Amino acid sequence: MNKTLIALAIAAALPVAAQADATISGSLNTKYANTGVIDTDASLSIASSEVLANGMTATASFAILADHDDDTENQGTASLAGDFGSLTVGSIDADGAFQAGDVAGIVANTTESTDSTSSSVYGIHYAGTVAGLTVAAQVNASTNAAKVAETVDKSTQFGATYEMNGLTVGYSYASGAADAFSTSGHGTPVVQNDGIDEAQSAFGVAYSFGDLAVSAGKSSIADEAEVSATYTMTVDALTIKAQMDNNPTGDYQIDLAYALSDNVSLSSEIDSTDDKQTTLVATYTMGEMTASVSKTDDGTTDASVGLDLCNADLTLARNGGDEETSVSYKVAF
């Protein structure tokens with residue numbers, strides 16, 4: 001018998017392990033500005049999930065992110081979920097366990113540098129819930145996910161919440177700064193950021209009844225407790241959200257949203273911490289086109305027109321603050 005046929009017969013007789021289907025996705029975004037700058041960002045992601053014989057679910061993902069400066073960042077994550085909770089290894093939220101217990105939101109989320117992107121690090125994270133008690137714990141490695149020169153010592157975090165009849169009580173602790181961009185020692189920032197500090201703990205309570213939500217909490221490195229009340233009301237097409245805090249004294253924020261029609265909507269925000277400056281955004285939608293005009297906190301005006309082309313987006317935008325006009329084209333698959 002032909003050796004090839006023999007090999008095929010042996011292979012067919014052997015048990016074959018089940019393989020999970022993999023999902024591949026990615027995007028390419030190119031932006032050209034009137035200043036002559038071209039910015040190109042790309043990403044490629046592979047993800048797979050499989051239900052194991054014991055009922056647990058195993059998930060793995062890998063992403064390659066690159067920009068026009070050839071600053072390439074690889075991120076990989078593997079997780080296992082079941083009745084015991086979920087265990088994640090790889091790229092994780094830098095302060096995920098701490099924030100899980102900060103029910104009053106008194107410690108700001110740790111972000112990358114000075115922007116609003118949540119910081120990620122390499123580490124191990126666990127979360128689970130039993131009879132109303134939810135716990136989260138993680139260990140951050142000494143180098144952040146971007147692998148920049150700055151490093152911090154290994155950090156351990158813990159967060160726990162207990163909920164009963166609408167009342168939630170939470171506690172959090174972190175042994176060190178969440179990543180290299182948050183803090184260096186007690187309250188000494190490396191880069192302007194109010195993220196997790198060294199040896200910081202937080203305790204808080206939150207209670208919701210109807211449209212009113214009240215929370216109170218205190219951080220171990222803060223001089224006083226913080227109390228916040230938020231009221232949300234919707235009347236027909238108008239939504240009003242008002243929030244008031246005791247720190248700083250008399251701090252308040254009011255958000256308004258109103259739908260004039262199915263195509264036109266208005267939104268506004270008044271924030272006392274920004275000298276009571278007001279932002280106003282008007283949005284118009286017609287078919288695949290969306291146009292918006294906004295007055296920002298700094299008094300300038302931004303405008304944009306976007307066209308949704310299924311898996312592609314074409315956007316013309318004007319940034320009043322930078323006096324920059326740009327055209328961007330993004331393709332995703």
Item to check | Test for D251: is it of a type in the set (D, E, K, R) and surrounded by 16 or more Cβ atoms within 10 Å (Cβ to Cβ) | outcome: no
Checklist entry - Residue check, T234 against (1) free of Cβ contacts under 8 Å to residues at least 12 places away in the same chain; (2) farther than 30 Å from I106 by Cα, all met but one. Which one? => result (2)
Checklist outcome for this item: Over the range 82-130, the set of residues closer than 21 Å to Y162 by Cα and in a strand (DSSP E or B) is G82, G85, S86, L87, H125, Y126, A127, G128, T129, V130
Next on the checklist: What are the pairs with Cβ atoms under 9 angstrom where one residue, in the range 30-47, is farther than 17 Å from S61 by Cα and without any contact (Cβ under 8 Å) to a residue 40 or more places away in the chain and the other, located anywhere, is aromatic (F, W, Y) and assigned to a strand (DSSP E or B)? Sequence gap at least six, or different chains.
Outcome noted: I38/Y32; D39/Y32
Checklist entry - If you go through the range 40-67, how many residues are closer than 14 Å to T23 by Cα, among the small types (G, A, S) and over 21 Å from the mean Cα position of the chain (by Cα)? => result 2
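Tell me whether the range 270-287 contains one or more residues that are at pLDDT below 90, out of contact with any Ser or Thr (no Cβ under 7 Å at 6 or more places or on another chain) and within 24 Å of A33 (Cβ to Cβ). Quick ask: steps written out before the conclusion?
If we filter the range 270-287 for residues that are at pLDDT below 90, which is where we start, we get 270-279.
Filter once more, keeping what is out of contact with any Ser or Thr (no Cβ under 7 Å at 6 or more places or on another chain): 271-277.
This time we only want the ones that are within 24 Å of A33 (Cβ to Cβ), so: none.
No, that holds for no residue.
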Checklist entry - Identify, please: which residue in the range 15-27 is of a type in the set (A, V, I, L, M) and at pLDDT below 90 and is, among those, farthest from T315 (Cα to Cα)? => result V16
Next on the checklist: Name the residue that is modelled with the lowest pLDDT, counting only residues in the range 147-168 that are surrounded by fewer than 18 Cβ atoms within 10 Å (Cβ to Cβ), of a type in the set (A, V, I, L, M) and under 26 Å from E112 (Cβ atoms).
Outcome noted: A149
Checklist entry - Is there a residue being farther than 30 Å from Q200 by Cβ, in contact with a Lys or Arg (Cβ under 8 Å, 6 or more places away or on another chain) and loosely packed, with under 15 Cβ neighbours inside 10 Å anywhere in the range 295-306? => result yes
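The values are calculated or read from the model by the stated rules, or taken from the named source; none is laboratory data. Please read all numbers here as calculations on a predicted model, not as lab measurements. As a convention, Cβ positions derive from the backbone with ideal geometry for all residues, glycine included, and neighbour counts pool all protein chains shown.
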